[in-house]
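Participant: I have a structure here, written as structure tokens, and I will follow up with some questions on it.
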Amino acid sequence: MRRKAAVDRNQPKIVSALRKAGCSVAVTSTAGKGFPDIVVGLQGKNYMIEIKDGEAYPSDRKLNKTQKKFHSTWKGQIDVALCVDDALEIVGLK
């Protein structure tokens, strides 16, 4: 049985900021198997974003083994955001 996915403490703030900026946001942090935490839609494009807490210890900001595997095999766009500004920059709003 899979344990419940941990949600980074800054995820609600990032999701809220993206939605206020006009993005569609699907929270996918419970999908598992290394799939990123959110999928963001803006102006006909989709962005996959893994959220890490930029205020956490550096070792806690690293991708885990499953996330690394997903990132290395995914043939499309995928990024990591440590804060709201990172997420806005990924989608081209900063």
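Participant: Here are the criteria: (1) among the aromatic types (F, W, Y); (2) exposed (fewer than 13 other Cβ atoms within 10 Å of the Cβ); (3) in contact (Cβ under 8 Å) with a residue 24 or more places away in the chain. Tell me which single one Y57 does not satisfy.
Facilitator: Just one mismatch for Y57, condition (3).
Participant: For S59, work out the one condition from (1) closer than 12 Å to I90 by Cβ; (2) in a helix (DSSP H, G or I); (3) among the hydroxyl-bearing types (S, T, Y) it doesn't fulfil.
Facilitator: (1)
Participant: Something else about it: Being at pLDDT 95 or above and touching a His at 6+ places or on another chain (Cβ under 8 Å) narrows it down to one residue among L82, L42, L63; which is it? Step through it out loud before you land on a result.
Facilitator: Details: L82 fails: touching a His at 6+ places or on another chain (Cβ under 8 Å); L42 fails: touching a His at 6+ places or on another chain (Cβ under 8 Å).
Only one candidate qualifies: L63.
Participant: While we're on this one: Within region 64-94, which residues are in a loop (DSSP other than H, G, I, E, B), more than 11 Å from the chain's Cα centre (by Cα) and within 17 Å of S29 (Cβ to Cβ)? Reasoning before the result, please.
Facilitator: Start the filter on region 64-94 by keeping residues that are in a loop (DSSP other than H, G, I, E, B), which leaves 64, 74-78, 82-83, 91-94.
Filter once more, keeping what is more than 11 Å from the chain's Cα centre (by Cα): 64, 74-77, 91-94.
N64, W74, listed by residue number.
Participant: I'm trying to understand the selection: among the residues of region 1-30, which are over 20 Å from G54 (Cα atoms), in a loop (DSSP other than H, G, I, E, B) and modelled with pLDDT of 95 or more?
Facilitator: Selection gives A21, G22, C23.
Participant: Go through (1) among the aliphatic types (A, V, I, L, M); (2) buried (at least 17 other Cβ atoms within 10 Å of the Cβ); (3) touching a Ser or Thr at 6+ places or on another chain (Cβ under 6 Å) one by one and return the number of the condition L18 breaks.
Facilitator: With (1) among the aliphatic types (A, V, I, L, M); (2) buried (at least 17 other Cβ atoms within 10 Å of the Cβ); (3) touching a Ser or Thr at 6+ places or on another chain (Cβ under 6 Å) applied to L18, the lone miss is (3).
Participant: Another one. Identify all residues within region 21-42 that are in contact with a strand residue (DSSP E or B) (Cβ under 9 Å, 6 or more places away or on another chain), surrounded by fewer than 18 Cβ atoms within 10 Å (Cβ to Cβ) and β-branched (V, I, T); write none if there are none.
Facilitator: Matches in region 21-42: V27, T28, V39.
Participant: Do the conditions hold for E50, that is, is it surrounded by 15 or more Cβ atoms within 10 Å (Cβ to Cβ), at pLDDT 95 or above and not in a loop (DSSP other than H, G, I, E, B)?
Facilitator: Yes.
Participant: Quick one: how many residues across region 37-47 are in contact with a helix residue (DSSP H, G or I) (Cβ under 8 Å, 6 or more places away or on another chain) and either among the hydroxyl-bearing types (S, T, Y) or in a loop (DSSP other than H, G, I, E, B) (or both)?
Facilitator: 2
Participant: When the residues of region 34-63 are filtered to those that are over 12 Å from the mean Cα position of the chain (by Cα) and among the hydroxyl-bearing types (S, T, Y), which remaining residue is farthest from K13 (Cα to Cα)?
Facilitator: S59
The values are calculated or read from the model by the stated rules, or taken from the named source; none is laboratory data. Here the structure is a predicted model, which means the values were calculated and not measured. Cβ atoms come from the backbone with ideal geometry, glycine included; neighbour counts cover every protein chain shown.
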